[in-house]
Structures are given as C-alpha cells and as structure tokens.
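The values are calculated or read from the model by the stated rules, or taken from the named source; none is laboratory data. Here the structure is a predicted model, which is why all the values come from computation and not from measurement. Positions of Cβ are generated from backbone atoms using ideal geometry, with glycine treated the same way; all protein chains shown enter the neighbour counts.
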Amino acid sequence: MRRTLIAGNWKMNGSLASIETLIGGIRDGIGSVSNADMAVCPPFVYIPRVRELIGDAPIALGSQNICDQASGAFTGEISGAMLKEFGCRYAIIGHSERRSLYGESDALIAARFAMALETGITPILCVGETLEQREANVTEQVVGEQLDAVIGHSGIDAIGQCVIAYEPVWAIGTGKTASPEQAQAVHAFIRGKLAALDTGVADAVQILYGGSMNPGNAAELLAQPDIDGGLIGGASLKADDFLAIGTSA
Ligand code: PGA
C-alpha cells in the first residue's frame with residue numbers, strides 16, 4: 001500500500017515573519033493529519049529557519065532544486081550535501097517553472113536527479129505537458145520522454161527511490177485543475193510505462209498530482225487509484241488549507 005504524501009512547494013514566496021506564522025500553523029495542526037505524510041519545500045534561504053521551527057514535528061523538509069555537481073565553481077547553485085546538512089529529505093527536480101523560465105533541459109534535470117540520489121535526497125521529479133501539447137494529443141509522448149531522460153541516465157531502479165509529480169503545466173497556478181479522470185489517466189499511463197520495465201518499481205512509486213490542488217478538490221483527486229498525493233503550490237501557503245488537503249487524504 002502506497003502512503004500518501006502531501007508536499008508544499010512554497011516557490012519564491014514569503015518572508016521570515018510569514019514563514020514563521022505558516023510553519024507554526026502547520027505544526028499546531030499536524031496532529032489532525034493521520035493518513036498522509038506532510039512535507040514543505042521553502043526557498044533555500046529559509047530552510048535552516050524552517051528546520052528549527054519544525055523541531056520534532058512530523059513535517060519533512062525539501063528544497064526546490066539541487067545542483068547536479070557535488071561542489072566547486074557553480075555560482076548560484078546549492079549542493080545536495082549542503083541540503084543534507086539542514087535536514088532536507090526531498091528535492092523538487094524539473095519543475096515546469098525551472099524547465100520553461102530557466103531553460104533546464106531534460107539532460108540537466110536527469111543529472112540533478114542523479115546527484116540527489118547520490119547524496120541521499122529523494123527527488124520529487126516533476127513531469128507534465130503544456131496546454132498546447134495536450135490539445136495536440138501528445139501528453140503521453142511528452143511525459144514519457146521526460147521520464148525516459150531520467151530512466152536513460154539513472155536506470156529504472158532509481159525511479160524506485162524517487163517520487164514522481166505529474167503537473168500539467170496548464171493547471172499550475174491557474175485555478176484550473178485537471179479533472180480526477182484526466183489526472184488519473186496520466187497517472188495510470190506513467191505507472192503502466194514503469195510497469196513495462198519493472199512491476200515492483202511501478203507498484204511502489206508514489207505519483208503525486210500537482211496543479212491547483214486545494215481543499216475543495218483534493219479528496220476527489222486523492223481518491224483516484226494511481227494518485228498518491230499532491231504537490232501543492234498556492235494552497236500550501238495557508239496552513240489551514242495545506243492541513244485540510246492533508247486531512248482529506
Ligand atoms: P499550484 O502549484 O498548486 O499553485 O498550482 C503547483 C506546483 O507548481 O507545484
């Protein structure tokens with residue numbers, strides 16, 4: 001049985017004051033969440049403070065990216081070892097904003113993924129199609145190629161050590177959620193593709209849905225057989241909403 005994971009992607013939001021309120025609120029209410037694991041992915045600079053504020057509460061910590069290199073002359077990058085020092089368990093990799101706004105290629109994403117695993121950090125690998133691609137009926141091809149880049153680099157066993165997040169680009173931050181059926185169809189495609197390579201990996205891997213998930217639509221999405229959690233942007237910035245998604249699992 002796959003455990004549900006609800007991960008908050010705070011993106012480039014917040015201030016020292018607002019993240020203290022946010023994580024305090026999540027801490028206070030975390031006892032109400034019993035059927036899901038919860039994680040937060042703050043901006044890099046807030047990770048140490050969030051670590052302190054989490055204390056011994058059952059809230060995992062993740063980063064929003066990770067360097068593909070171990071150390072050295074890579075201005076602006078953060079290494080897996082650094083993230084480990086501050087207790088990061090997860091790293092979001094290949095988010096569509098990194099792909100489209102910052103030009104991260106499949107090859108770079110595959111290298112970041114490999115370095116996360118090498119450092120003992122669980123990648124949350126994001127895949128997903130644009131609206132144009134969906135309308136052109138190439139969703140499976142696009143998502144398949146995004147997965148193949150990582151499988152080609154690290155092998156199918158590596159997928160068994162990661163979390164996948166299916167995030168249709170047209171649903172991110174738009175308030176337009178994929179319907180439970182639309183999301184389930186792509187999740188089933190992903191699991192089927194993995195099953196053709198290794199059924200054990202396919203059965204075990206958590207596949208999260210991301211894209212305007214909120215307390216109003218979470219229960220229906222999370223009830224789908226191949227949806228094992230959520231990667232939450234906007235609704236993870238309010239403790240009550242984030243917790244409500246967790247309790248609807
Ligand atoms: P959203 O973002 O929930 O605000 O749509 C999801 C994501 O980008 O991970």
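Here are some notes:
- If the condition is being within 11 Å of Thr4 (Cα to Cα) and touching a strand residue (DSSP E or B) at 6+ places or on another chain (Cβ under 7 Å), then segment 210-225 contributes only Leu222.
- Here Ala195 meets each of (1) at pLDDT 95 or above; (2) within 18 Å of the chain's Cα centre (by Cα); (3) of a type outside the set (Phe, Trp, Tyr) with one exception, condition (2).
- Selection count, segment 64-119, where residues are touching a Cys at 6+ places or on another chain (Cβ under 6 Å) and small (Gly, Ala, Ser): 2
- Selection within segment 197-249 - surrounded by fewer than 18 Cβ atoms within 10 Å (Cβ to Cβ) and among the aliphatic types (A, V, I, L, M): Leu197, Ala204, Ala219, Ala223
Listed here are the residues, each with its yes/no results for (1) of a type outside the set (Gly, Ala, Ser); (2) within 16 Å of the ligand (Cβ to nearest atom).
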{"site": "Trp170", "(1), (2)": "yes, yes"}
{"site": "Gly175", "(1), (2)": "no, yes"}
{"site": "Ala178", "(1), (2)": "no, yes"}
{"site": "Thr199", "(1), (2)": "yes, no"}
{"site": "Asp203", "(1), (2)": "yes, no"}
{"site": "Gln206", "(1), (2)": "yes, yes"}
{"site": "Tyr209", "(1), (2)": "yes, yes"}
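Quick grid of which residues meet (1) within 16 Å of the ligand (Cβ to nearest atom); (2) closer than 20 Å to Ile47 by Cβ:
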residue: Cys88; (1), (2): no, yes
residue: Ile109; (1), (2): yes, no
residue: Ala136; (1), (2): no, no
residue: Ile151; (1), (2): no, no
residue: Asp157; (1), (2): no, no
residue: Ala165; (1), (2): yes, yes
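Yes/no matrix, rows are residues, columns are (1) at pLDDT below 95; (2) under 28 Å from Gln224 (Cβ atoms); (3) assigned to a helix (DSSP H, G or I); (4) not hydroxyl-bearing (Ser, Thr, Tyr):
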| residue | (1), (2), (3), (4) |
| --- | --- |
| Glu20 | no, no, yes, yes |
| Asp37 | no, yes, no, yes |
| Ile47 | no, no, yes, yes |
| Ile66 | no, no, no, yes |
| Phe74 | no, no, no, yes |
